[in-house]
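Let me begin by presenting the structure, written as structure tokens, before commenting on it.
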Amino acid sequence: MEDTLGELSKLPAVTKDGTKVNLLANIEFPSEIPPAIHNGAVGIGLYRTEFLFLAADNEPAEQEQYETYVEAIRNLDGLPLTVRTLDLGADKLTHQMTLAGGDTHERNPFLGCRSIRLCLQNLPLFKTQLRAILRASTQGPVKIMFPLISNIMELRQAKMILNDVMEDLDEQGIEYARDIPIGIMVEVPSAALQARAFTREVDFFSIGTNDLIQYTVAVDRGNERIASLYSAAHPAVISLIKEIIRAGQRAKIDVSLCGEMAGEPEFTMLLLGLGLRCFSITPPAIPEIKRILRSVNIEQCQKVARRVSAFDSDREVLNYLRDELGKVV
Ligand code: PEP
Ligand code: MG
């Protein structure tokens, strides 16, 4: 009998052949955690911390950030929290950045000083956030994730700054989780193509397809005029995802996918077939993705993935994936 979406939240996320899949949620604010858990999330795979900054008139102080992270950890009651460091810039400007004309300074803001680049150029901002996250890390299982890494030196620099912050905390006798896992969003093609090298320097990857697509096919993710060219089904995008997952498997590090694609039903079988075992999803989509994965087995998904690799256009890929989905749900 088909499970209703309400019942699904209590059922395990396993495929028909018993393969366990981790279903996590994407959030912007700690208040979204209880409904995400209600929908079946077993942790947060992407906490977009910049939204605290976007909602405020002034940059939130360390204590306010700390309290917000502690609230998130408490709401999770022992489930894991992946905190992404600030992903500001481009389309995400704080009130202060707008006042400073931040939206007009750059000719190509999505290729500009955004995300980790902005943090590396603004150390007080970055260090304050890292201190707040580290202080909160004593309260439950927390991971730190750096966004928009495009170059291994950027990652090394970010990790050095994290180390500096840890040393400051040590000197002040402030506790934090010393073994906190460090990961990156793989959302720039250069990082995807160099995934193997990155596995040697991080504990986990999270594939950010929202940006990975726009940078791979050179289509602004928010531009309506060319929206039809922005496609997760583009064979080049799929091939990058495949390589990132494979690099993670070889190095035995966790790989999740936290772009919108993780919550789009037509891609569930393909992603499982490519070896993905952790999806981080917008909370309302969790029950539907669980329903699909509970209706398929891995061998069937691997066949789908092999078939997809033979297509040359996103149209063919999508038509095929929709047909296959129609056969199982
Ligand atoms: C992504 O790029 O896929 C992602 C999850 O991050 P954001 O949408 O916040 O850029
Ligand atoms: Mg992104």
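Where a number appears in this text, it was derived from the coordinates with a stated rule and is not lab data. Everything quoted here is computed from the prediction, not taken from an experiment. Backbone-built Cβ (ideal geometry, glycine too); neighbour counts: all protein chains shown.
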The chain: calculated mean residue ellipticity at 222 nm from DSSP helix runs of at least 4, using -39500 (n - 2.57): -13000 deg cm²/dmol
log₁₀ I(q)/I(0) of segment 112-269 at q = 0.12, 0.14 Å⁻¹, via Debye over equal Cα point scatterers, no solvent, to two decimals? -0.57, -0.75
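Holding the Cα-Cα limit at 18 Å, pick out from Lys127/Lys159; Lys127/Lys252; Lys92/Lys143; Lys242/Lys290; Lys159/Lys242 the pairs that are longer than that. Show your work: numbers first, answer last.
Numbers: Lys127/Lys159 11 Å; Lys127/Lys252 30 Å; Lys92/Lys143 23 Å; Lys242/Lys290 21 Å; Lys159/Lys242 27 Å.
Where the Cα-Cα span goes over 18 Å, the pairs concerned are Lys127/Lys252; Lys92/Lys143; Lys242/Lys290; Lys159/Lys242.
What ranking do 40-47, 210-217, 116-123 get when scored by the average of other Cβ atoms within 10 Å per residue, highest first?
Ranking, from highest mean packing down: 40-47, 210-217, 116-123.
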Working from Cα positions, state the angle (0 to 90°, nearest 10) between the long axis of helix 298-308 and the longest principal axis of the chain. 90 degrees
Taking only C-alpha pairs under 8 Å that are 6+ residues apart, what is the relative contact order of segment 1-141 in percent? 24 percent
Per-residue counts of other Cβ atoms within 10 Å, averaged by peptide: what ranking do you get for 163-174, 307-318, highest first? 307-318, 163-174
Note the angle between two axes, namely the Cα long axis of helix 152-171 and the longest principal axis of the Cα atoms of the chain, as a number of degrees from 0 to 90, rounded to the nearest 10. 50 degrees
Mind listing the phi-derived Karplus ³J(HN,Hα) values for segment 218-228, rounded to whole Hz, using 6.51, -1.76 and 1.60 with θ = phi - 60°, and x for any glycine or proline? 6, 10, 4, 5, x, 8, 4, 5, 10, 4, 5
Where in segment 240-269 does the amide nitrogen come within less than 16 Å of the point 7 Å from the Cα of Lys159, taken along Cα to Cβ? 248, 251-254
By how many degrees, between 0 and 90 and to the nearest 10, does the Cα long axis of helix 123-136 differ from the longest principal axis of the chain? 70 degrees
Non-local residues with an amide H under 5 Å from the amide H of Asp254, with H modelled 1.01 Å from N and Pro and chain starts lacking one, are Phe205
With a 10 Å Cβ neighbour count serving as the proxy for reagent exposure, in which order, fewest first, do Lys159, Lys143 appear? Lys159, Lys143
Determine the gain in length on full extension of the stretch Lys16-Asp168; use 0.36 nm per residue of separation and subtract their C-alpha separation, reporting nm with one decimal. 49.7 nm
In order through segment 310-324: 3J(HN,Hα) via Karplus (6.51 cos²θ - 1.76 cosθ + 1.60), integer Hz, x for Gly, Pro: 8, 8, 9, 10, 5, 4, 4, 4, 5, 4, 5, 4, 5, 4, 5
What is the extension gain from Leu111 to Val329, computed as 0.36 nm multiplied by their sequence separation minus the C-alpha to C-alpha distance, in nm to one decimal? 74.5 nm
Would you kindly calculate the mean projected area, averaged across all directions, of the convex hull enclosing the Cα atoms of the chain, in square nanometres? 16.6 nm²
P(r) over all Cα-Cα pairs of segment 1-154, 10 Å bins from 0 to the longest distance, whole percent per bin, short to long, reads 10, 35, 30, 17, 7, 1
Added length on full extension, which subtracts the Cα-Cα distance from 0.36 nm per residue, Leu120 to Glu71: 15.0 nm
